[in-house]
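Only one structure is covered here, and it is reproduced in the block below.
Read the figures in this text as sums done on the coordinates, not as results from a lab. Owing to the predicted nature of the structure, the values given are computational and were not obtained by experimental measurement. Positions of Cβ are generated from backbone atoms using ideal geometry, with glycine treated the same way; all protein chains shown enter the neighbour counts.
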Amino acid sequence: MTTTQQADVVVVGSGVAGGLVAHQLALAGKSVIILEAGPRYSRGEIVERFRNQPNKMDFMAPYPSTPYAPHPEFNPDNGYLVQKGEQAYDAQYIRAVGGTTWHWAGSAWRFIPSDFKLKSIYGVGRDWPLEYKDLELWYQRAEEELGVWGPADEELGSPRSKPYPMAPLPISYNEKVIKDRLNDNGFYVVTEPVARNSRPYDNRPTCCGNNNCMPICPIGAMYNGITHVEKAEAAGAKLIDKAVVYKIEKGADNRIVAVHYKTPDGESVKVEGKYFVLAANGIETPKLMLMSDVGNSSDMVGRNLMDHPGTGIRFFADEKLWPGRGAQEMTSIIGWRDGDFRSEYAGKKIHLSNLSRTDQMTQEILAQDRLLLGNVLDNEIRDKAARYVQFDSFHELLPHPENRIVASSSKDAMGIAKPEFYYAIDDYVKRSAVHTREAYTKIAQLMGGH
């Protein structure tokens, strides 16, 4: 038997987008129901799971997939993502109250003006139907809601009407040494804008350098979507977790009149509303729309699937840099975000990891076919962890209709379609990756890497 609930606005998904929308609507006096497929976790639960997990580099381990609302797991692969394309689309996201911003690096970059006119300026991709100036005030508002710090003395390419809400904390010794050495040799390394507090802000504390942004900021200094979910609840919104939406119901004139969700025990519940917001992320939202045959007269729902494919480098520098002090990521190389080269290959951002590598180096050294004991072992771990350098890159992928997500014929334990992917990386990105690896070679040489 189906039970029915009602609200002015029904929000599907409780991540950063769903939480922000629900909060504003609740403040405006609307009755709001937020439906979240996954469970509700406290920050303490997540921290405790991380503390007890053996592999501290598995950032998804503190967020276990559930039978009723599965999300991707890769250690081992749980098979939730059905891969049918040339390239696996290994998306990582969390189905839980608060969404995937429970663990992220906090990077809060704006687009640059040319990103909106790629076809007009560089002859590739497609132009947006709006310009940077149309979004600038909304960028500012989003930064104020999330609590973003950013540099006032470095050019990031995105014109601003107001300063960042917060100034950055000082970068670590590791980042300062690398930044100075690279900038003295033609690179452009800057302090990243990130959604992390450098002072008490919005009832959240100052970052104290736990170096645990991924998988969980233990004190809440970094922004997580749960912040606005809790604000929405305080303003009167109702959150229902473990509510797996599987159907969008159309009424007269094709207007949406309800959504249907399943509880973990299989009960079906109908939620009626005047308005509906789909905020279930870039994979679950199009899957739900395709399952419900909603809004797809153009046959574009689920198409033009994009990501930020990258390549990385790791090496040991010629001096001890001691990564792991402060936040996990605070600096990036942005000299190749824009330029005439974009007519030939993808723009990109290269970021430096400041993640502590003590645990990683310990495991790698112990796995080697050598017997190291006592001080000899301690000294090698300390030396390798202190000199470890890692850069990773994000490349711009052009929109291609054949890159897409569909609702698979393969079902999860609830009988709901899994997401199925058709995905390939184009030559535009591959040519950029060649250039990235050339840049990595120069970086390693400048740092005395081996």
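Determine the shape class of the range 13-136: with a ≥ b ≥ c the square roots of the Cα gyration tensor eigenvalues, call it rounded for a/c under 1.5, and otherwise prolate if a/b is greater than b/c, oblate otherwise.
oblate
Could you calculate the FRET efficiency of residue 413 with residue 184 from 1/(1 + (r/R0)^6), where r is the beta carbon distance between them and R0 is 45 Å, rounded to 0.05? Walk me through the numbers on the way to the answer.
Details: r = 56 Å, r/R0 = 1.25.
Efficiency, from the Cβ-Cβ distance: 0.20.
For 101, 311, what ranking results if the residue with the fewest other Cβ atoms within 10 Å of its Cβ goes first?
Sorted ascending by nearby Cβ count, the order is 311, 101.
Determine the dipole magnitude for the chain: charges of +1 sit on the beta-carbon of Lys and Arg, -1 on that of Asp and Glu, nothing else is charged, the reference point is the Cα centre, and the result goes in debye to the nearest 20.
Working: 52 positive and 57 negative charges, 87 e Å.
The dipole magnitude comes to about 420 debye.
Tell me, 222, 289 in order of fewest to most beta-carbon neighbours within 10 Å?
With the sparsest Cβ surroundings first, the list reads 289, 222.
Calculated FRET efficiency, residue 362 and residue 299, Cβ-Cβ r, R0 35 Å, to nearest 0.05?
0.10
Helix-derived [θ] at 222 nm for the chain: sum -39500 (n - 2.57) over DSSP H runs of at least 4, divide by residue count, nearest 500?
Details: 10 runs with 118 residues, N = 450.
Theoretical 222 nm ellipticity from helices: -8000 deg cm²/dmol.
Take 112, 405 and order them by how many other Cβ atoms sit within 10 Å, fewest up front.
112, 405
With P(r) over Cα pairs in 10 Å bins from 0, in percent defined as stated, name the option among (i) 5, 21, 33, 27, 12, 2, 0; (ii) 4, 17, 25, 21, 14, 8, 5, 3, 1, 1, 0, 0, 0; (iii) 4, 18, 28, 29, 15, 5, 1, 0 computed from the structure displayed.
Given (i) 5, 21, 33, 27, 12, 2, 0; (ii) 4, 17, 25, 21, 14, 8, 5, 3, 1, 1, 0, 0, 0; (iii) 4, 18, 28, 29, 15, 5, 1, 0, the structure-derived one carries the label (iii).
Indicate the gyration tensor shape class of the range 222-311 (rounded, prolate or oblate), computed on the Cα atoms with a ≥ b ≥ c the square roots of the eigenvalues: a/c under 1.5 is rounded; otherwise a/b larger than b/c is prolate and the rest oblate.
Taking the square roots of the gyration eigenvalues as a ≥ b ≥ c, the range 222-311 is oblate.
State to the nearest 20 debye the size of the charge dipole of the range 138-290 about its Cα centre, where the only charges are +1 on K and R beta carbons and -1 on D and E beta carbons.
So the dipole magnitude of the range 138-290 works out to roughly 360 debye.
Which GluC sites (Glu not before Pro) in the range 21-88 sit in a loop by DSSP (not H, G, I, E or B) and have at most 14 other Cβ atoms within 10 Å of their own Cβ?
86
Could you tell me what percent of the DSSP beta bridges with both partners in the chain are antiparallel, to the nearest 5?
65
If each residue of separation counts as 0.36 nm, what is the full-extension length gain between residue 434 and residue 341 once their alpha-carbon separation is subtracted?
Gain on extension, residue 434 to residue 341, equals 32.2 nm.
Counting alpha carbon pairs within less than 8 Å and at least 6 residues apart, what relative contact order, in whole percent, applies to the range 1-93?
It comes to 18 percent, rounded to a whole number.
For residue 134 and residue 92 in the same chain, what is the full-extension length gain: residue separation times 0.36 nm, less their Cα-Cα distance, in nm?
12.1 nm
Note the full-extension length gain between residue 402 and residue 249 as 0.36 nm times their separation in residues minus their Cα-Cα distance, in nm to one decimal.
Result: 52.3 nm gained on full extension.
Placing +1 at every Lys and Arg Cβ and -1 at every Asp and Glu Cβ, with all other atoms neutral, what dipole size does the range 1-57 have around its Cα centre, in debye to the nearest 20?
260
Per-residue counts of other Cβ atoms within 10 Å, averaged by peptide: what ranking do you get for 114-120, 152-158, highest first?
Ranked from most to least packed, the peptides come out as 114-120, 152-158.
Quick one: 3J(HN,Hα) in Hz for the range 396-401, Karplus 6.51/-1.76/1.60 with θ = phi - 60°, rounded, Gly and Pro as x.
7, 9, 6, x, 10, x
Give me the distance between the Cα centres of the range 108-141 and the range 328-387, rounded to whole Å.
Cα centres, the range 108-141 to the range 328-387: 32 Å.
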